[in-house]
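Structure first, then comments.
The values are calculated or read from the model by the stated rules, or taken from the named source; none is laboratory data. What you are looking at is a predicted structure, and each value in this text was computed from that prediction instead of being measured. So basically every Cβ, Gly included, is an ideal-geometry build from the backbone, and we count neighbours across all protein chains shown.
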Amino acid sequence: MSDSEDMPLARRRELKEAAAAFSDDDIDDSGDSDTPLGKRKRPPVKKRIIEDDDDDDDESVNVKSESSDSEVPLSKRSRPGAKRPTYKEYSDDDHSSDSDTPLAAKKAVKTNGNRGSKTNGRSKARPSYKEESSESDSDVPLAKKSSSKKVDTKPKAKTSTASAKVKTESSKTSSRGKADSKTATARKRVKDEPDSKASIKKVKKEEEEDDEVDAWWLKSNENEDDSVKWTSLVHNGVYFPPDYTSHGVKMLYEGKPITLSSDVEEVASFFASLLYTEHAENPTFQKNFFSDFKAIAKKHKTVPSITDFKKCDFTPIYEHIQRQKDKKKNMSKEDKLKLKEQKAALDEFYGVCYLDGRKEKVGNYRIEPPDLFRGRGQHPKTGTLKLRVQPEQVTLNLSKDAPVPKAPLGHSWGGIVHDNTKTWLATWKENVNDSTKYVFLAAGSSLKGQSDFKKFETARALKKEVGGIRRAYMTDLKDKKMFIRQRATAMYLIDRLALRAGNEKGEDEADTVGCCSLRFEHVTLEKPNILHLDFLGKDSIRFQKTVEVDEQVFKNIRLFKREPAQEGDDLFDRLKTAELNKHLQSLMKGLTAKVFRTYNASFTFQEQLEKLTPTEGTLAEKLLAYNRANRDVAILCNHQRAVSKGHAVQMDKIIDKIRALKYQKYKLKRTILTLEPKLKKKRPELLEPESDLEDEWMVEHEVTLMEKEREKTRAKWEKENLRRKENKEKAMTEKELKEMLKEVDLREKELAKERKTGNVPGGKGASVEKCDAQLLKLDDRIAATRAAMVDKEENKQTALGTSKINYIDPRISAAWCQKHKVPLEKIFTKTLRDKFKWAMTVDDDWEF
DNA sequence: ATTAGGACTTAGGATTATAATA
DNA sequence: TATTATAATCCTAAGTCCTAAT
């Protein structure tokens with residue numbers, strides 16, 4: 001292993017990161033004795049019985065807890081308590097003023113970071129699947145021979161009336177398939193083996209996707225039984241990752257190479273591949289990994305028994321993996337193509353199913369491969385070994401009369417069910433968190449599309465009701481009953497700040513919160529009516545905003561925070577998401593906490609889009625407006641992303657680019673003055689220096705310009721020679737090259753002179769008019785570049801994708817595209833167009 | 001009435017493909 | 001033409017909400 005110095009240095013991620021972070025405590029093999037510490041434990045909370053909102057005024061009467069007092073909520077919950085890690089970077093910021101109206105948290109502070117503190121671990125013995133290794137081959141997705149008639153699950157005459165069919169893009173093979181031909185294909189597909197070289201020919205470019213599509217969104221479709229999801233479902237099962245093949249590279253233990261059996265090597269490799277990443281340096285991750293690694297090493301009687309993480313050196317394996325990656329990257333074209341074909345074949349086989357006779361895409365047909373669990377934030381189990389899933393653990397869901405896909409050789413399925421009230425095709429239990437995993441249809445499928453549609457329709461229904469709902473909770477803010485007050489306050493926050501509901505979480509998960517699970521330490525109050533929120537939300541993404549809130553909300557929170565309460569206690573000590581949602585249901589059918597996010601996101605988007613889109617504008621300007629509106633939504637929903645590694649460098653580059661443009665401007669101005677010195681008086685602006693453009697920089701810039709010029713000349717010379725060679729002409733000599741280069745030297749001298757005298761003659765046909773025209777163009781380019789820069793900067797930690805995919809009603813976009821003549825593909829990628837095909841038929845005046 | 005866990009949506013990061021540059 | 005930035009896609013963790021079990 002040669003090159004060992006090109007270590008992929010640590011991680012970027014100035015975002016998250018924050019404070020304290022892990023203490024020095026490094027993992028310690030020996031005892032996993034490691035006490036989990038009292039963390040996460042806090043004294044039971046007594047119910048707070050408030051007597052009044054105290055001091056100042058307040059018409060509000062005495063607030064008392066309702067009768068139920070007795071029922072001692074005795075939250076057995078428990079949470080960190082004490083030692084809250086401190087966050088780094090705080091930045092304050094203005095507080096949004098604009099009170100009313102839907103939107104929320106206009107400008108709010110953003111920053112974020114991860115929590116620190118907390119080690120822990122615990123890794124109880126886990127079951128070891130692992131049966132006999134089974135003769136591999138597994139890989140080959142044995143095919144279904146049985147093409148028996150049974151497969152023929154015809155579209156059951158389809159319930160609904162007129163079966164609207166449409167063609168997606170490209171109307172080819174017009175007639176063709178009727179139900180029959182389709183089922184025929186179905187039958188065929190079901191038995192087609194992937195990898196059979198036969199299927200190679202296609203792969204082609206994408207498209208293909210013509211096929212008739214069932215345009216469910218064009219049918220009247222007054223809900224016909226919601227719970228039944230299909231009448232027939234035929235599919236090919238799931239794909240299992242190939243068995244592990246040993247690479248034989250030895251890791252070091254106490255500096256010496258040791259031999260690992262394949263199973264152990266596999267786990268070592270999981271860790272090795274993460275070396276130098278945040279994960280591998282996370283003590284919790286190390287601890288959990290090592291605990292599992294140690295166990296499996298022991299089980300396989302690894303020679304020097306592995307007991308100390310610190311004595312392990314995985315770098316040889318790491319380097320091997322890097323080399324493999326390199327190799328893959330540099331693979332020959334043909335090999336790459338072959339790989340692609342294999343994938344396509346798999347896609348064709350497993351990636352497709354038949355739902356009520358219609359061909360539909362399957363989403364994640366691959367069984368998740370074994371790996372180290374990568375929990376986010378401070379997940380107590382991060383690093384734990386996620387075991388390989390065996391077919392015996394997998395249950396399939398399909399039609400009664402559908403052929404059962406064959407399990408991998410030597411294996412059988414865990415179960416076969418025929419539950420048409422479920423949308424999943426397969427399911428299994430994962431070992432780390434004991435959670436259930438599923439194989440679902442792809443996002444573009446009818447099932448997903450329909451529920452997406454429903455989601456947005458509910459949000460639109462809320463639009464109609466929101467006025468009344470808001471009035472109601474504003475009133476409830478002053479209710480005498482504590483529970484009602486809390487509920488109303490929570491609703492306010494969810495509505496105005498787009499918070500998530502905030503279900504309770506377990507001890508074995510990262511400590512994150514949503515609205516109902518906010519604790520005291522997450523909210524601080526500032527005099528008149530300002531709220532500082534600071535907590536970790538979903539995915540341990542920091543939510544840090546400062547907002548002005550309604551007076552009564554401020555009072556309420558002060559009230560909730562008062563007294564017996566202390567850090568670690570719930571802010572809403574008698575409110576559960578279930579109760580909140582139950583209440584919401586009573587206000588509007590289908591209303592739950594998350595609907596507010598959808599509603600506010602879509603509403604804000606439509607509003608901003610309307611406001612920002614220029615009526616007369618270039619395509620680019622319109623797109624900018626679109627992205628701005630999109631970004632507003634992303635900010636509202638607190639969708640963040642890590643700042644990319646090279647961000648700062650890229651910014652510098654852009655700044656330099658702008659300087660270069662300014663330099664050109666400067667030169668042009670001088671040319672004008674050289675041509676027409678009288679203008680000095682008339683147009684004094686020509687004398688003004690460009691901002692941020694220093695002499696020193698210009699000198700340097702000219703040097704690089706000349707360097708580039710020389711390179712270009714040389715390239716030209718070489719190219720010319722190449723051409724001549726081909727034409728059997730005699731090549732240009734070095735001398736000629738030197739001759740050519742002399743011109744650059746000349747130009748360099750000119751520049752030097754220009755710099756000294758300030759006179760810039762300009763090119764041949766130089767005229768004041770031409771220069772002015774160019775100046776204008778440069779101004780445009782500078783403006784555009786600067787806009788792009790601002791855009792980039794603002795965007796660096798904001799992720800637009802999530803809101804576009806999940807929160808913004810696609811019909812708003814479709815209508816907008818129509819209205820402003822913007823091609824859809826500028827807005828939606830191919831997959832998004834597919835996912836949203838149900839929304840693409842709206843008129844240009846459609847409103848959310 | 002609570003709790004547990006099933007089923008489905010939402011989420012950011014990792015990986016891969018494509019576009020922009022050097 | 002190779003390199004690098006960016007966009008698209010893939011992956012699977014982490015939420016929400018609901019229903020069934022206790």
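For the stretch A:219-329, which fully contained strands (runs of 3 or more DSSP E) count at least 2 residues that are closer than 30 Å to A:His411 by Cα and out of contact with any His (no Cβ under 6 Å at 6 or more places or on another chain)?
Values: elements: A:233-235, A:251-253, A:256-258.
Fully inside the stretch A:219-329 and qualifying: A:233-235.
How many residues are within 20 Å of the chain's Cα centre (by Cα) and not aliphatic (A, V, I, L, M) when one looks only at the stretch A:826-848?
Taking the stretch A:826-848 as the starting set, the residues that turn out to be within 20 Å of the chain's Cα centre (by Cα) are A:826-836.
Next, from what is left, pick out any that are not aliphatic (A, V, I, L, M): A:826, A:828-831, A:833-836.
Selection size over the stretch A:826-848: 9.
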*The one condition in (1) touching a residue at least 40 places away in the same chain (Cβ under 8 Å); (2) in a loop (DSSP other than H, G, I, E, B); (3) within 13 Å of DNA strand C (Cβ to nearest atom) that A:Asp539 fails to fulfil*: (2)
_Quick check on this structure: which one of A:Lys582, A:Lys622, A:Lys589 is more than 21 Å from the chain's Cα centre (by Cα) and part of a loop (DSSP other than H, G, I, E, B)?_
A:Lys589
_So, A:Glu509, is that one in contact (Cβ under 8 Å) with a residue 40 or more places away in the chain, more than 14 Å from A:Asn638 (Cα to Cα) and within 8 Å of DNA strand C (Cβ to nearest atom) or not?_
yes
*Examine the stretch A:710-722 for a residue that is in a helix (DSSP H, G or I) and among the polar types (S, T, N, Q), and state whether such a residue exists.*
yes
*Inter-residue pairs, beta-carbon under 6 Å, first within 10 Å of A:Asp495 (Cα to Cα) and in the stretch A:589-600, second near DNA strand C (Cβ under 7 Å from one of its atoms), 6+ apart*: A:Ala593/A:Ala501
*Examine the stretch A:302-309 for a residue that is more than 30 Å from A:Ala426 (Cα to Cα), within 16 Å of DNA strand C (Cβ to nearest atom), exposed (fewer than 14 other Cβ atoms within 10 Å of the Cβ) and among the small types (Gly, Ala, Ser), and state whether such a residue exists.*
no
*How about the stretch A:456-480: which of its residues are more than 16 Å from DNA strand C (Cβ to nearest atom) and in contact with a Ser or Thr (Cβ under 6 Å, 6 or more places away or on another chain)?*
A:Lys478
_Selection from the stretch A:232-269 of residues that are in contact (Cβ under 8 Å) with a residue 40 or more places away in the chain, surrounded by fewer than 17 Cβ atoms within 10 Å (Cβ to Cβ) and under 25 Å from A:Glu392 (Cβ atoms)_ = A:Pro241, A:Pro242, A:Asp243, A:Ser261
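Out of the residues in the stretch A:768-802 that are over 17 Å from A:Tyr626 (Cβ atoms) and of a type in the set (A, V, I, L, M), state the one that is farthest from DNA strand C (Cβ to nearest atom).
The first filter runs over the stretch A:768-802 and keeps only residues over 17 Å from A:Tyr626 (Cβ atoms), leaving A:768-783, A:785-786, A:789, A:793, A:796-797.
Keeping just the survivors that are of a type in the set (A, V, I, L, M) gives A:768, A:773, A:775-776, A:778, A:782-783, A:789.
Numbers: A:Val768: 37, A:Ala773: 30, A:Leu775: 27, A:Leu776: 26, A:Leu778: 22, A:Ile782: 18, A:Ala783: 18, A:Met789: 10 Å.
Here the residue is A:Val768.
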*Could you figure out which of (1) farther than 22 Å from A:Arg597 by Cα; (2) of a type outside the set (Asp, Glu); (3) not in a helix (DSSP H, G or I) isn't true of A:Phe483?*
(3)
_Top-ranked residue of the stretch A:259-289 - restricted to ones that are away from DNA strand B (no atom under 16 Å from the Cβ) and in contact with a Leu (Cβ under 7 Å, 6 or more places away or on another chain), ranked as farthest from A:Asp313 (Cα to Cα)_ = A:Val267
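Limited to the stretch A:760-771, what total is found for residues that are in contact (Cβ under 8 Å) with a residue 60 or more places away in the chain and surrounded by 15 or more Cβ atoms within 10 Å (Cβ to Cβ)?
To start, the set of residues in the stretch A:760-771 that are in contact (Cβ under 8 Å) with a residue 60 or more places away in the chain comprises A:760-762, A:766-768, A:771.
Cutting the leftovers down to surrounded by 15 or more Cβ atoms within 10 Å (Cβ to Cβ) gives us A:760, A:762, A:766, A:768, A:771.
Of the residues in the stretch A:760-771, 5 are in contact (Cβ under 8 Å) with a residue 60 or more places away in the chain and surrounded by 15 or more Cβ atoms within 10 Å (Cβ to Cβ).
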*All but one of (1) touching a strand residue (DSSP E or B) at 6+ places or on another chain (Cβ under 9 Å); (2) charged (D, E, K, R); (3) loosely packed, with under 13 Cβ neighbours inside 10 Å hold for A:Lys340, so report the exception by its number.*
(1)
*Filter the stretch A:331-356 for residues that are in contact with a helix residue (DSSP H, G or I) (Cβ under 6 Å, 6 or more places away or on another chain) and at pLDDT below 95 and give the result.*
A:Glu341, A:Ala345
*Could you tell me which of the residues A:Phe440, A:Phe453, A:Phe483 is of a type in the set (Phe, Trp, Tyr), within 12 Å of DNA strand C (Cβ to nearest atom) and either touching a residue at least 60 places away in the same chain (Cβ under 8 Å) or surrounded by 16 or more Cβ atoms within 10 Å (Cβ to Cβ) (or both)?*
A:Phe440
*Here are some conditions: (1) in contact with a Leu (Cβ under 8 Å, 6 or more places away or on another chain); (2) within 14 Å of DNA strand B (Cβ to nearest atom). A:Lys830 meets all but one. Which one does it not meet?*
(1)
*A:Ser644 passes all but one of (1) within 13 Å of DNA strand C (Cβ to nearest atom); (2) of a type in the set (S, T, N, Q); (3) buried (at least 17 other Cβ atoms within 10 Å of the Cβ); which number fails?*
(3)
*at pLDDT below 95 and among the polar types (S, T, N, Q): does that describe A:Thr302?*
yes
